[in-house]
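Working notes, beginning with the structure itself.
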Amino acid sequence: MGAGLILGIETSCDETAAAVVERGARTLSSVVASQIPTHARYGGVVPELASREHLRAIVPVMREALAVAGVALDDVDAVAVTAGPGLAGALLVGISYAKALAFAQGIPLIAVNHLEGHIHAVLLQEREEQRAAARDGEPAEAGAEAEEVLALVVSGGHTHLYVARPAAGTWSYSLVGRTVDDAAGEAYDKVAKLLGLGYPGGPWIDTLARYGNPRAVPFSFAQIKPKAHLAGKTPRTKAATTAPIAELDPRFLFSFSGIKTAVLRHVEVFGLRAEAQERARRVLAHPRPPQTREEALALCPQATLDLVASFQHAVVGDLLKKTFAAQRAVGARRILVTGGVAANRELRARFAAEAGRRGVRVSFPTPALSTDNAAMIAAAAWPRLSAGEFAPPGLTAEPSLALGSRM
Ligand code: KG4
Ligand code: ZN
């Protein structure tokens, strides 16, 4: 093997991404072409448009990743690609391209689970920080970690809790908890849409929540009854299809479809619908969240800011409560929070404070590594390259690919 360079490719949802990472520890480039402007006017990802945009972007994005890294295709030791979970047509663009590239170059192809990628985003970042702190600047090679971690993957498609264990250089994963319906990010996006805020909703609500009273509306989460969701039932949402629910401890199950309905009811009861429709028109013309209290108030009356703040306070509180209950139950000394929603400021502050109280370590990726990217895919593939675990020639998209075993 050469320098241990992996070219990562990620096309599972609405970002076309390519990155070059050395030995799972040093990011030479990470290029992300976002399709947000394409999907924003529909208030959500349109799968057919996503595939078309990936087809358009994949070659230039891959070329840019090589150029920024300053490496030629011939220097690359392996290609890593997201095999699932995600949108079938979107995944297929990345997989077909990665396959062709690996075949033409005569190098291995490694299939990566998108959720595993999100977990490795944090591990990659920590290795980068260790390397920066080390005086000789030697890459801290992936695989040196010994500690098991509890990982909360919280994004637009997932709200999943895993225990990740290092095992002889590679990692194994056990599912501890998950959402039974919507993902937390999906709730952010849907609530933002019904309040006439921009897409994706997370950054909007994150910013506006700072100007509202988080205790104005007492949203609550009921304990989930697992029996209603046992095997045999067809999952209704995209998040529900990626892992089994039966046999998981109900204390670690999430449900975010109810709070969306509660916000909708609040909007109707308080007559906020017309205001939201008017706001949606204004937001389309100025697609950036307001950055000052005055700007926020000009866009949303105080009652709406209070609603937004209360929604966020409740969602973060529920994520916090169940994650730390799982941490105690499995005895993990370390928590990773990753995925798009991990960029949320209230979430970071409250998780850090709670971890401090309990004497547990908590880590988050930088905002750029929180949302979808290919550096995390290349980093997750490094232990597989060392172990010789390559993708089968018939690799295809697996929209509902699950990660690890059940706990
Ligand atoms: O990981 P990601 O880029 O894509 C998926 O795999 O889903 O996550 C995107 C999700 C969206 O639902 C978006 O609204 C949410 O992450 N998000 C946030 C924030 N930034 C992005 N949610 C809350 N607060 C944020 N600051
Ligand atoms: Zn993701």
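Quick notes on this one:
- Dividing the summed -39500 (n - 2.57) terms of all DSSP H runs of n ≥ 4 by the residue count of the chain sets its mean residue ellipticity at 222 nm at -14000 deg cm²/dmol.
- The GNM of the chain, with springs linking C-alpha atoms under 10 angstrom apart, assigns the highest mean-square fluctuation among Val81, Val283, Val337 to Val283.
- Globularity index of the chain, i.e. its alpha-carbon radius of gyration over 2.2 N^0.38 Å: 0.97
- Based on C-alpha pairs under 8 angstrom that are at least 6 apart in sequence, the chain has a relative contact order of 26 percent.
- Among Leu272, Leu307, Leu124, residue whose mean-square fluctuation peaks in a GNM of the chain (springs only between Cα atoms under 10 Å): Leu272
- Subtracting the Cα-Cα distance of Arg350 and Val59 from their residue separation scaled by 0.36 nm leaves 100.7 nm.
- With every protein chain in place, the chain: carbon and sulfur % of accessible area (1.4 Å): 56
- Using a cutoff of 8 angstrom between alpha carbon atoms and counting only pairs six or more residues apart, the relative contact order for segment 59-214 works out to 12 percent.
- If you look at the Cα atoms of segment 184-365, you get an Rg and a Dmax of 17.3, 51 Å.
- Rounded to the nearest 5, the antiparallel percentage of DSSP beta bridges internal to the chain is 60%.
- Axis angle, to the nearest 10 degrees, between helix 114-133 and the longest C-alpha principal axis of the chain: 70 degrees.
- For the chain, the number of Lys pairs with C-alpha atoms closer than 15 Å, counting only pairs eight or more positions apart or on separate chains, is 5.
- Placing +1 on the Cβ of every Lys and Arg and -1 on the Cβ of every Asp and Glu, with nothing else charged, gives the chain a dipole about its Cα centre of roughly 1400 debye.
- Relative contact order of segment 268-367, pairs being alpha-carbon contacts under 8 Å that are 6 or more residues apart, as %: 22
- Dipole in debye (nearest 20) - segment 184-365, about Cα centre, beta carbon charges: Lys, Arg +1; Asp, Glu -1: 560
- Trypsin sites (Lys or Arg not before Pro) lying in DSSP loop within segment 314-376, provided at most 13 other Cβ fall within 10 Å: Arg333
- A cut-off under 13 angstrom between Cβ atoms defines the neighbours of Ala276, and their net charge, with Lys, Arg +1 and Asp, Glu -1, is +3.
- Between the beta carbons of Ala88 and Leu49, assuming R0 = 22 Å, the FRET efficiency works out to 0.95 to the nearest 0.05.
- The simple Förster model, with R0 at 30 Å and r as the Cβ-Cβ distance, assigns Ala134 and Phe103 a FRET efficiency of 0.20.
- Within the chain, longest stretch clear of exposed GluC sites (Glu not before Pro) (DSSP loop, no more than 13 other Cβ within 10 Å): 1-146
- Applying 0.36 nm per residue to the separation of Arg41 and Ala168 and subtracting their alpha-carbon distance, the gain on full extension is 41.0 nm.
- In the context of the full set of protein chains, the chain has a per residue accessible area of 41 Å² (1.4 Å probe).
The values are calculated or read from the model by the stated rules, or taken from the named source; none is laboratory data. Keep in mind that this is a model prediction, so the values were computed, not measured. Cβ atoms come from the backbone with ideal geometry, glycine included; neighbour counts cover every protein chain shown. The accessibility values were calculated without ligands, DNA or RNA, using every heavy atom of the protein model including side chains. Shrake-Rupley method; radii C 1.70, N 1.55, O 1.52, S 1.80 Å.
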